[in-house]
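These notes are about the structure you will find just below.
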């Protein structure tokens, strides 16, 4: 056999033997990854169509190799970001190996057109790069800013606490560009005024500050802070989450809400739309709030919450709430006039009244506080057989501590009037119509959440005229002698 052939055969055998004896690579099955950062920010507001690319590193600090079973963008194909894993493009990558004590690069690109509709190019564009390794999930957050806006306090304040103060003066948010609140904003020694047509977007989500984990996106008015919302019927003020894509339109709980802390008085919300929060408005002890001609809806909790507070609501619509439409607890002074509380598809009532707060975790004892509530010309209705819940810690023995009165209202009650509850409820609800039929002719369309009155609505002509309130939520004049119940006057 020629020498050349013998050499080739010998070489092939050697390679085969070496391949057959090669050890299978051992992967670390316990360690996790480490990253060069926890949030990758594209710190430029795009003012024209453009792209930007940034990167971060993924470290394997183990002596053994690690296999990442999956890397992907949380928003998948809907993401405005694009992924490149160590030189390989694609929004997902599987079985990515990192040698022991080595690292790889993750490149991220985003292309934004700030002139596109907000549903396509929102103010804050965010996503997550999700890593699945050894059964564990780790994430790096991505943040970019698509539209030019007033970011309060800045574009880098997610999960941070900031303060707005003006030496007991007034700050007016009247810039034509909208305002985007990023983080938790405390207002103190200052009146914040929102003029007609202003739009305020709040960036929510779960945030971490040190060991504290909380719902982000919150406006808090301290004792010397005040909110003055001055919308009009044609130019209402809108306060909502910043996710404006169509699929987020009806999603509740996107941001925390508006809170008026202990002692914050003189707050006014006029012609406003507040939506998609956890709680619409939270009014704490000795704080006060007046709401006129406004809508609060798509909340994961109550639309309006008051605790030992003073709240006056007129010509307003509260609907599609995760719990109560209005929850007034631990006493206080409350008034609902020409209001529609529409509470459907949850297990709570439209209106709850209590005159105590729990003194222990199991609520085996309570701390009382007197309650006064006046409801006039209003609709309190929903899908439950009881849409009013009332709990009097004194069980009627101290009537001045649980003082309520309903006049010219449509309500829905059943067990509320049982002997062990409030059998004399209708002595204080006069005249009232108890509508037990779920399919009663009342609203234009419950399914479409259109709470204008139907042409045959039983709420028509049931109200009593109230001096000083000649119009409804939409600035339509009410009938002078026989107006309609609720926030809307029927229009032919």
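Readers should treat all values here as calculations from the given coordinates under stated rules, not as data from a laboratory. This is a predicted model, so every value here is computed, not measured. In this analysis, Cβ positions are derived from the backbone assuming ideal geometry, glycine residues included, and neighbour counts consider all displayed protein chains.
Name all residues of the range 194-221 having a backbone nitrogen under 12 Å from the label point set 7 Å from the Cα of residue 273 along its Cα→Cβ direction, giving them as ranges.
Residues 197-200 fall inside that zone.
At 222 nm, what helix-only mean residue ellipticity would the chain give, in deg cm²/dmol to the nearest 500, using -39500 (n - 2.57) for each DSSP H run of four or more? Walk me through the numbers before you get to the answer.
Values: 1 runs with 19 residues, N = 492.
Value at 222 nm, helices only: -1500 deg cm²/dmol.
With a 10 Å radius around each residue's Cβ, average the other Cβ atoms per peptide and rank 233-246, 79-92, 291-304, highest first. It would help to have the intermediate numbers written out before the result.
Values: 233-246: 18.3, 79-92: 15.8, 291-304: 24.9.
In decreasing order of mean packing, 233-246, 79-92, 291-304 become 291-304, 233-246, 79-92.
Once label points are set 7 Å from the Cα along Cα→Cβ at both residue 290 and residue 156, what is their separation, rounded to one decimal in nm?
4.3
Assuming R0 = 45 Å, what is the FRET efficiency of residue 88 and residue 456, from their Cβ-Cβ distance, to the nearest 0.05?
For R0 = 45 Å, the calculated efficiency reads 0.10.
For the range 34-145, how big is the tail of P(r) above 19 Å, as a whole percent of Cα pairs? Spell out each step's value before the answer.
Working: 2734 of 6216 pairs.
Value for the range 34-145: 44 percent of Cα pairs lie more than 19 Å apart.
Quick one: if the Förster radius is 30 Å, what FRET efficiency do residue 466 and residue 175 give, using the C-beta to C-beta distance and rounding to 0.05?
0.20
Please report Rg over Rh for the range 412-490, where both radii come from the alpha carbon positions and Rh follows the Kirkwood definition.
On the Cα set of the range 412-490, Rg over Rh gives 1.04.
Sort the following peptides by mean Cβ neighbour count (other Cβ atoms within 10 Å, averaged over residues), highest first: 430-436, 382-388. Show your work: numbers first, answer last.
On the way: 430-436: 14.6, 382-388: 20.7.
Peptide ranking by packing, descending: 382-388, 430-436.
Determine by what factor the alpha-carbon radius of gyration of the range 241-333 differs from 2.2 N^0.38 Å, reporting the quotient.
On the way: Rg = 12.7 Å, N = 93, 2.2 N^0.38 = 12.3 Å.
For the range 241-333, the normalised Cα radius of gyration is 1.03.
Between the range 95-165 and the range 34-79, what is the C-alpha centre distance in whole Å?
Each part reduced to its Cα centre gives a spacing of 8 Å.
For the pair residue 103 and residue 383, how long in nm is the line joining their label points, each one 7 Å along Cα→Cβ?
The answer from the label model is 5.2 nm.
Distance between the C-alpha centers of the range 261-334 and the range 435-462? Whole Å please.
Cα centres, the range 261-334 to the range 435-462: 24 Å.
Just order 341-354, 274-287, 466-479 by mean Cβ neighbour count inside 10 Å, highest at the front, would you?
Ranked from most to least packed, the peptides come out as 274-287, 341-354, 466-479.
Contact order normalised by length for the chain, with contacts defined as Cα pairs under 8 Å and 6 or more residues apart; what percent is it?
It comes to 7 percent, rounded to a whole number.
For the range 83-215, what relative contact order do you get, as a whole percent, if you take Cα pairs closer than 8 Å and at least 6 residues apart?
Details: 202 pairs, mean separation 21.4, N = 133.
Normalised by residue count, the contact order of the range 83-215 is 16 percent.
State, as an integer percentage, the relative contact order of the range 34-145 based on alpha-carbon contacts under 8 Å between residues 6 or more apart.
Relative contact order comes out at 36 percent.
Take the Cβ-Cβ distance between residue 234 and residue 32 as r, set R0 to 56 Å, and report the resulting FRET efficiency rounded to the nearest 0.05. Present the calculation step by step, with values, prior to reporting the outcome.
On the way: r = 56 Å, r/R0 = 0.99.
After rounding, the FRET efficiency stands at 0.50.
For the range 364-435, report the % of Cα-Cα distances exceeding 19 Å.
Numbers: 878 of 2556 pairs.
Looking at the range 364-435, the distances longer than 19 Å represent 34 percent of pairs.
For residue 74 and residue 476 in one chain, what is 0.36 nm times their gap in residues minus the Cα-Cα distance, to one decimal in nm? Write out the running numbers ahead of the final one.
Numbers: separation 402, 0.36 × 402 = 144.72 nm, distance 4.64 nm.
In short, 140.1 nm is gained.
For the Cα atoms of the chain, what angle does the longest principal axis make with the long axis of helix 3-21, in degrees from 0 to 90, nearest 10?
30
Give me D for the range 310-456 in µm² s⁻¹, whole number, from Stokes-Einstein with Rh from the Kirkwood sum over alpha-carbon pairs, 25 °C and 0.890 mPa s.
Using the Kirkwood radius from Cα pairs, D works out to 156 µm²/s.
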